[in-house]
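The values are calculated or read from the model by the stated rules, or taken from the named source; none is laboratory data. Predicted model, so just to flag it, every value in this text is computed and none were measured. Positions of Cβ are generated from backbone atoms using ideal geometry, with glycine treated the same way; all protein chains shown enter the neighbour counts.
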Amino acid sequence: MRPCVADRGPVRAGRAWRAIRRAGLGLVALLGTSCLSAHATEIIGAGSSFGAPIYGAWGEGVSHAMDIRLNYQTIGSGAGQNQVRARTVDFGASDAPMNAEQLAQNGLLQFPTVLGAIVLVVNLPGVDTAHLHLTGELLARLYAGDVTMWNDPRIVAENPGMTLPAMPVAPVRRADGSGTTFVFTSYLARVSPRWAAEEGRGTSIEWPAGEGARGNDGVAAAVRNTEGSIGYLEYAYAAGNHMPMVELRNRHGDLVAADPESFSRAVTSARWAQDATHSADVLDGEGAGAWPIMAATYVLVPLDRAATPQGRAVRAFFDWAMQHGGDAARALGYVPLPAEISTSMRAVLDTH
């Protein structure tokens, strides 16, 4: 394939992408449109907001490397799964992996692309929230509506020496079907038997408390605008919006900051499924110093479109990303797939 040469040249394309990044990661729906070849193959993807920042970066990289243009729509994991089932997109993206039966029924290939973290952001005026300490059980009680004030003795006990305000807790959660919600509620169900029994996990659940907002951008905006609020976000959105992230106590009792080192430690203990789901379990990881709310994000590709131009371009896009996309992933706070996993996924793409 020929390199992508836009009318104004690749330098302008690079400047356009940097401008998008400066304006905020929520604008990644504009993926790759700055660099077009007259013969470029457009591929359309839709779904996960968790994965949107890295797909945006890869879309820009691929537009310089080959005649492929990515149009990615950030509509949430549930909608992404529905779109690829209906064959209205060339690939879907989801943080909630389908099981083997669902994949077979819908004729889909599923594979992971990167691993990333869900973090907690809080709006407490006068409090150094970057050093606020919470536990998984406290998070479950906050989102269940059982802990309603920030100066609750259970929070105070986790934060000796910190003055916490007598301010109501305002939980913010996703209002749309969301893989980020699936990961977060899966974590709460794993660390809190009560949450598992009463609320459960899913891309969309019946929340007992809190305000809903659409997308990571919506949650970030709601937290910024609401004193006393707490929200869960994909790390790239929190970092891109310069929002302080609370520290969490992991299964070892370690207080862990949300940073690339703690994310990488979690990935070293990932458990990879040996079946068609190609899924990874990195929640509440066993590694010392590991960030506890981690997950892989996945792409779903129709098997019956493999021989079409778009089907070949989707496979070429992700093959390129697995070979050359690691630096972009790390720059955005993701953890690239381990080398042996990316090699095996490239082989899967080549044969499907």
(message) Take the conditions assigned by TED's automatic domain parsing to the domain that holds residue 247, in contact (Cβ under 8 Å) with a residue 40 or more places away in the chain and part of a loop (DSSP other than H, G, I, E, B) and apply them to residue 195. Does it pass?
(response) no
(request) Looking only at segment 57-73, decide whether some residue is touching an Asp or Glu at 6+ places or on another chain (Cβ under 7 Å), modelled with pLDDT of 95 or more and basic (Lys, Arg). (result) yes
(request) Can you tell me which residue among 103, 124, 132 is more than 25 Å from residue 216 (Cβ to Cβ), at pLDDT 95 or above and hydrophobic (A, V, I, L, M, F, W, C)? (result) 103
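Tell me which residues, restricted to segment 175-190, are within 27 Å of residue 131 (Cβ to Cβ) and more than 13 Å from the chain's Cα centre (by Cα). Full working, then the answer.
Let us first name the residues in segment 175-190 that are within 27 Å of residue 131 (Cβ to Cβ), namely 180-181, 183-188, 190.
The answer is 185, 186, 187, 188, 190.
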(message) I'm trying to understand the selection: among the residues of segment 288-317, which are under 23 Å from the mean Cα position of the chain (by Cα) and closer than 20 Å to residue 342 by Cβ?
(response) 294, 295, 296, 297, 298, 299, 300, 301, 314, 315, 316, 317
(request) Give the residues of segment 76-120 that are free of Cβ contacts under 8 Å to residues at least 60 places away in the same chain, of a type in the set (A, V, I, L, M, F, W, C) and buried (at least 21 other Cβ atoms within 10 Å of the Cβ), sorted by residue number. (result) 89
(message) If I go through segment 313-329 residue by residue, how many of them are touching a helix residue (DSSP H, G or I) at 6+ places or on another chain (Cβ under 7 Å) and part of a helix (DSSP H, G or I)?
(response) 10
(message) Looking only at segment 271-285, filter to residues that are of a type outside the set (Gly, Ala, Ser) and in contact with a strand residue (DSSP E or B) (Cβ under 9 Å, 6 or more places away or on another chain); which one of those is modelled with the lowest pLDDT?
(response) 271
(message) If residue 140 satisfies all but one of (1) part of a loop (DSSP other than H, G, I, E, B); (2) touching a Ser or Thr at 6+ places or on another chain (Cβ under 6 Å), what's the number of the condition it fails?
(response) (1)
